[in-house]
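Every number in this text was worked out from the coordinates using simple rules, so none of it is lab data. None of the values given here were measured: they were computed from a predicted structure. Cβ atoms come from the backbone with ideal geometry, glycine included; neighbour counts cover every protein chain shown.
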Amino acid sequence: MKLKLDENLSRHLSAEITTLGHEVATAADQGLLGRSDREVSAAAKAAGELLFTLDLEFGDLRKYPPGSHPGILLFRPRSMGPSAVNGFVTNFVRGTDLAELAGCLVVVDPDRVRVRRPPLDADAKEWTDIPQD
């Protein structure tokens, strides 16, 4: 899978995720440091990349509805220390088929994963909860 790491995630995470078989770009690699969320999202969309972020703004369904982007994964670890965040994200990637999350808005908490999938019809607006081990 093609992934983009938002600027709030460590650049060291890129190497860890690459070893798991993914193609990883960072906001810094692409000259997106300090750019607006809209610009970062547009760059990820243009490149067909799932966006990994810690930025709560990307969890706004009105701005980033499922199906309008390749996928946004919002990570909410308990600790925001770089090592803890890297471990949290890496463990999630290691245990998840990211292809199943294409086009979805995903919030990854320590205890559960909430997935908002693109609607099949106008009435499909519920979150899907996946318990975490």
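What shape does segment 39-109 take by its C-alpha gyration tensor, where a ≥ b ≥ c are the square roots of the eigenvalues and a/c under 1.5 counts as rounded, a/b above b/c as prolate, and the rest as oblate? In terms of gyration-tensor shape, prolate. Treating each Cα of the chain as one equal point scatterer and applying the Debye formula with no solvent, the log10 of I(q)/I(0) at q = 0.15, 0.17, 0.22 Å⁻¹ comes out as -0.66, -0.86, -1.50. Bridge orientation summary for the chain: considering DSSP beta bridges with both residues in this region, about 35 percent are antiparallel.
The trypsin sites (Lys or Arg not before Pro) found in segment 66-113 that occupy coil by DSSP, while having at most 15 further C-beta atoms within 10 Å, are Arg78. Would you mind telling me which residue in Asp109, Asp97, Asp55 has the biggest mean-square fluctuation in a Gaussian network model of the chain, where springs connect alpha carbons within a distance under 10 angstrom? Of Asp109, Asp97, Asp55, the Gaussian network model singles out Asp97 as fluctuating most.
Please check: in the Gaussian network model of the chain (C-alpha springs, under 10 Å), which one of Leu20, Leu120, Leu73 has the largest mean-square fluctuation. Comparing Leu20, Leu120, Leu73 in a Gaussian network model of the chain, the most mobile one is Leu120.
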